[in-house]
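*Asks:* Pasting in a structure now, in structure tokens, and then I'll have a few things to ask.
We did not get these values from a lab; they are worked out from the coordinates using the rules stated. All figures in this text were calculated on a predicted structure; none of them were measured in a lab. Methodologically, a virtual Cβ is constructed for each residue, glycine included, from the backbone with ideal geometry; neighbour enumeration extends over all protein chains shown.
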Amino acid sequence: MTSREVSIAMARPSQEDLIGDREHCSVDPELLSELRGVVGQQVRIIRDNQHRAIFTIVEARREVSAGIVRMGLAGRRRLGTDAEFDGLIETRILHSELSDRAAEESGEFVERIADESSHAGLIVIAPHGGDLERHTDDQVQRVCSRLSTGRLSAGQTSTGQTSAGGVGAAGVSSWWCKGFHPGGAMNAWHITAAEISEVSFPLLGTVITRSFQFAVAFHGFDHNEVLIGGLAPDSLKYEIKGAIEALTAGSGIAIRVATPDEGFGGDDPHNIVNRLTSPNLGGIQIEQSLRARNDHWRDIADAVAVVLDPKLPG
């Protein structure tokens, strides 16, 4: 069973995690077993056949009825109501059989990958592409295209849009998702990077244990800067910072390396970009303001390619 009718109920006072997080829910363990699901995976909740959003199961809580799913007020508001309601739970959160155009037209969420299933050099990812954090999936394609079509110099600038990239000659893989929704893609499809489960993202599951030497994740946020984080060595972060500054000179956009344990710093070991690398290496997470993504997404992607190009197999 991959779907079932359920009753969406308010979080109990003791469920502080649900009350404080708009992306979390609890599920009765009997229902979880029927769904063949696990704590930590994502599920899709649907109300009135039109409001839909994905949530992370953070607790298997015994209920008087197996068909009860609980979430906080902020979670219910993602589905357009403050009230409790009857709805549908599905373990399938993606419709990756759709083309990008069809996904956009139908307001859906899809997963993509380009991987040759052998190298462990670099993987470039964007979990929140499409209309969630715009241009982050374009940046994935840009890095892959640049690294597969020729060497770059530190002072090289970028103009125009490249074609979609995939696995490059230098050993580059890419994974990205694209989400669209008439009521707001961020509201419907966002899952924090530290909670993304390969159980729910099957293409991610094909590379999660590869232990890449380098992993880079492109993200967007509301701060007026570009923040470089992750568990990669500081030396690599500062090298990328310098390359971005060189290619965005005169823009007035602040480029900064995250401090330890900073919000949006990407240094949680569970963050997907860190999980994709060897445990002693860690990934690079790049958070970018909307202006940085709108005006300089190519430059920022090119800066990443400039830095990593000489570090990858020839």
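*Asks:* Rounded to the nearest 500, what is the chain's calculated 222 nm mean residue ellipticity when only DSSP H runs of at least 4 contribute -39500 (n - 2.57) each, over all residues? Can you show the working numbers first?
*Replies:* Details: 10 runs with 84 residues, N = 314.
Roughly -7500 deg cm²/dmol at 222 nm, from the helical runs in the chain.
*Asks:* While we're here: With springs only between Cα atoms under 10 Å, which of Glu287, Glu23, Glu225 fluctuates most in a Gaussian network model of the chain?
*Replies:* Glu225
*Asks:* Using a cut-off of 15 Å between beta-carbons, work out the net charge of the residues near Ala83 (Lys and Arg +1, Asp and Glu -1, Ala83 not included).
*Replies:* On the way: positive: Arg47, Arg70, Arg76, Arg77, Arg78; negative: Asp48, Asp82, Glu84, Asp86.
Net local charge, Ala83 excluded: +1.
*Asks:* Can you tell me what percent of all Cα-Cα pairs in segment 100-311 are more than 33 Å apart? Present the calculation step by step, with values, prior to reporting the outcome.
*Replies:* Details: 1439 of 22366 pairs.
Roughly 6 percent, rounded to a whole number.
*Asks:* Mind checking the alpha-carbon convex hull of segment 168-233 and giving the volume per residue in Å³?
*Replies:* Details: hull volume 9.9 nm³, N = 66.
Spelled out: Cα convex hull of segment 168-233, divided by residues, is 149 Å³.
*Asks:* Further question on the same structure: Can you tell me how much longer the chain between Arg134 and Ser106 gets when fully stretched, taken as 0.36 nm per residue apart minus their C-alpha distance, in nm with one decimal? The partial results should precede the final answer.
*Replies:* Numbers: separation 28, 0.36 × 28 = 10.08 nm, distance 1.78 nm.
Between Arg134 and Ser106, full extension yields an extra 8.3 nm.
*Asks:* Taking the Cα centre as origin and putting +1 on Lys and Arg beta-carbons and -1 on Asp and Glu beta-carbons, what dipole magnitude results for segment 1-63, to the nearest 20 debye?
*Replies:* Details: 9 positive and 11 negative charges, 37 e Å.
With Lys and Arg at +1 and Asp and Glu at -1, about 180 debye.
*Asks:* Relative contact order of segment 100-311: what whole-number percent is it, with Cα pairs under 8 angstrom and at least 6 residues apart?
*Replies:* Details: 478 pairs, mean separation 59.9, N = 212.
That works out to 28 percent.
*Asks:* Which residues' amide hydrogens lie under 5 Å from the amide hydrogen of Ser173, considering only partners 5 or more residues apart or on another chain, with H built in the peptide plane?
*Replies:* Placed amide hydrogens put Leu122, Ile123, Val124 under 5 Å from Ser173.
*Asks:* From the phi of every residue in segment 202-216, what ³J(HN,Hα) in whole Hz does the Karplus formula 6.51 cos²θ - 1.76 cosθ + 1.60 yield, where θ is phi - 60° and glycine or proline is x?
*Replies:* For segment 202-216, the Karplus curve yields x, 5, 4, x, 6, 10, 4, 9, 5, 6, 5, 5, 10, 9, 10 Hz.
*Asks:* Between Leu147, Pro233, Gln50, whose Cα lies farthest towards the positive end of the dipole of the chain when Lys and Arg beta carbons carry +1 and Asp and Glu beta carbons carry -1, centred on the Cα centre?
*Replies:* Most positive-ward Cα: Leu147.
*Asks:* According to the square roots a ≥ b ≥ c of the eigenvalues of the Cα gyration tensor, what is the shape class of segment 3-90, taking rounded for a/c under 1.5, prolate for a/b larger than b/c otherwise, and oblate for the remainder?
*Replies:* Working: a/c = 1.42, a/b = 1.10, b/c = 1.29.
Cα axes put segment 3-90 in the rounded bin.
*Asks:* Right, here's the next one. Lysines within cross-link reach of Lys311: Cα-Cα under 27 Å, excluding same-chain residues under 8 positions apart?
*Replies:* Lys237, Lys241
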